[in-house]
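Shown next, in structure tokens, is the structure this report addresses.
The values are calculated or read from the model by the stated rules, or taken from the named source; none is laboratory data. Please read all numbers here as calculations on a predicted model, not as lab measurements. With ideal geometry, Cβ positions are generated from the backbone for all residues, glycine too; neighbour counts draw on all protein chains shown.
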Amino acid sequence: MKRVQDELRSVESRMPGPGDIHFFLASLSPDLGLPLDVYAAGWSEWGAGVGNKAKRQDMTSIELVAKGAGEMVAAGRMHRLAPGDVFFLHSGRTYDYCTGPGGVLHKRFLMLFPGTSNDILQQLGLSEVDTLHVGPANLPRVERLFRRILSLLRGKAAGYRERASAACYELLLALSNELPPHWPRTQLPRALGQAIRHAEEHIADAMTARDLARAAHCSTRHLNRLFTRHVGISTREWLIRSRMQHACHLLATTLTPVHVIGEAVGYADPYHFSATFRRMTGKAPRDYRRALTPRGRAKAASSSSTTDAQ
């Protein structure tokens, strides 16, 4: 649990950097009910000398060059960035990137909470992509989706995180359409796929990382390396998130008592379940369910409007 808390603390430390003209946070707490959970979106205007040196990403960032030029080094390879280029800064990897020789780099960006976003990037063939160029026919759509996500995070109307998640998925689909026709959609390693399937089929069992490794016929250390490389988080962190995502779904779609939902996702102790759920989502299970009712959404929207006005 400590590693999960450390990861969330590192996420909370991400604030605007030099040249970020607009920077809008969705929330400091992930919503485990969303397959794609946007952390922040914004617009940057970088001048000469602005950049990040040997920066290890704690979350995935997707950035669209709007004006000027930039340079990025990924895995020892130099990429020249021009308007219409999208570059990916994948979680868990290290990059150098900066303004190009012209001294101007304007870009749109969004950042994703770590977790299942890595799975979706992999399914769409984007998990190993560093840069791609968006063609003129598709560029207006891609720009519109970046602007929509930023607008949703700025306005924070009721349901904004769900709509931002949907727009982000549409954006990733649009970007995947720019890949060459025979670009490989990366398959998960067999051991990792076996572990994930075992976890999904035995969600009610009190599984550990060691149990998943045994089901995948590999060592705990090897499985942990596979999760870190392909999913972006450790086996244990993924297992906790998977349980909490299933709990979010049950809270949102059923009237099952909270303690029964806890048992259904592998927590025999209801207090342990509630404490873990609160740490991961920022809300107690009953509060999470209450916020999904019409009255709860209206109250949340009213609270958000009051906060924004202040």
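State yes or no: is residue 233 in contact with a Pro (Cβ under 8 Å, 6 or more places away or on another chain) and under 21 Å from residue 91 (Cβ atoms)? Show your work before the answer.
On the way: in contact with a Pro (Cβ under 8 Å, 6 or more places away or on another chain): yes; under 21 Å from residue 91 (Cβ atoms): yes.
Taking the combined requirement at face value, the residue satisfies it.
Determine whether residue 66 is buried (at least 23 other Cβ atoms within 10 Å of the Cβ), assigned to a strand (DSSP E or B) and under 24 Å from the mean Cα position of the chain (by Cα). Give the derivation first.
Numbers: buried (at least 23 other Cβ atoms within 10 Å of the Cβ): no; assigned to a strand (DSSP E or B): yes; under 24 Å from the mean Cα position of the chain (by Cα): yes.
The answer is no for residue 66.
What residue, of 118, 52, is more than 20 Å from residue 234 (Cα to Cα) and touching a residue at least 40 places away in the same chain (Cβ under 8 Å)? Steps first, answer last, please.
Details: 118 fails: more than 20 Å from residue 234 (Cα to Cα).
Matching residue, one of 118, 52: 52.
Could you list all residues from segment 241-258 that are over 13 Å from residue 289 (Cα atoms) and without any contact (Cβ under 8 Å) to a residue 40 or more places away in the chain?
Of everything in segment 241-258, nothing turns out to be over 13 Å from residue 289 (Cα atoms) and without any contact (Cβ under 8 Å) to a residue 40 or more places away in the chain.
Among the numbered criteria (1) modelled with pLDDT of 90 or more; (2) in contact with a helix residue (DSSP H, G or I) (Cβ under 8 Å, 6 or more places away or on another chain), which one does residue 118 miss?
Residue 118 satisfies every listed condition except (1).
For segment 95-128, give me each residue that is assigned to a loop (DSSP other than H, G, I, E, B) and hydroxyl-bearing (Ser, Thr, Tyr).
Pass one, segment 95-128, residues assigned to a loop (DSSP other than H, G, I, E, B): 100-104, 113-116, 124-128.
The answer is 116, 127.
Within the set of pairs 6 or more residues apart or between chains, which connect a residue that is farther than 22 Å from residue 32 by Cα inside segment 134-161 to a residue that is among the charged types (D, E, K, R) and part of a helix (DSSP H, G or I) with Cβ atoms less than 7 Å apart?
Listed pairs, sorted by first residue: 145/170.
Only one residue in 113, 87 is crowded, with 17+ Cβ neighbours inside 10 Å, touching a strand residue (DSSP E or B) at 6+ places or on another chain (Cβ under 7 Å) and modelled with pLDDT of 95 or more. Which one?
Values: 113 fails: modelled with pLDDT of 95 or more.
From the options 113, 87, the qualifying one is 87.
Residue-wise test of (1) surrounded by fewer than 18 Cβ atoms within 10 Å (Cβ to Cβ); (2) of a type in the set (A, V, I, L, M).
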{"position": "142", "(1), (2)": "no, yes"}
{"position": "149", "(1), (2)": "no, yes"}
{"position": "152", "(1), (2)": "no, yes"}
{"position": "159", "(1), (2)": "yes, no"}
{"position": "164", "(1), (2)": "no, yes"}
{"position": "171", "(1), (2)": "no, yes"}
{"position": "190", "(1), (2)": "yes, no"}
{"position": "199", "(1), (2)": "no, yes"}
{"position": "203", "(1), (2)": "yes, yes"}
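Can you tell me which residues in segment 248-258 are assigned to a helix (DSSP H, G or I) and over 25 Å from residue 212 (Cβ atoms)?
Residues of segment 248-258 that are assigned to a helix (DSSP H, G or I), as a first pass: 248-253, 258.
Once the filter is applied, which keeps residues that are assigned to a helix (DSSP H, G or I) and over 25 Å from residue 212 (Cβ atoms), segment 248-258 yields 252, 253, 258.
Suppose we keep only residues that are among the hydrophobic types (A, V, I, L, M, F, W, C) and crowded, with 23+ Cβ neighbours inside 10 Å within segment 228-243. Which one would you say is nearest to residue 284 (Cα to Cα)? Let's see the steps before the verdict.
We begin by selecting, within segment 228-243, every residue among the hydrophobic types (A, V, I, L, M, F, W, C); these are 231, 233, 238-240.
Filter once more, keeping what is crowded, with 23+ Cβ neighbours inside 10 Å: 231, 238.
Values: 231: 27, 238: 20 Å.
If we take residues in segment 228-243 being among the hydrophobic types (A, V, I, L, M, F, W, C) and crowded, with 23+ Cβ neighbours inside 10 Å, then 238 is nearest to residue 284 (Cα to Cα).
What single numbered condition from (1) at pLDDT 85 or above; (2) surrounded by 15 or more Cβ atoms within 10 Å (Cβ to Cβ); (3) within 30 Å of residue 156 (Cα to Cα) fails to hold for residue 284?
(2)
Is there any pair linking a residue in segment 193-207 that is in the same structural domain as residue 242 (by TED's automatic domain parsing) to one that is assigned to a loop (DSSP other than H, G, I, E, B) and hydroxyl-bearing (Ser, Thr, Tyr), with Cβ under 9 Å and at least six apart or on different chains, and which?
That search, which allows pairs on different chains as well, returns 206/267.
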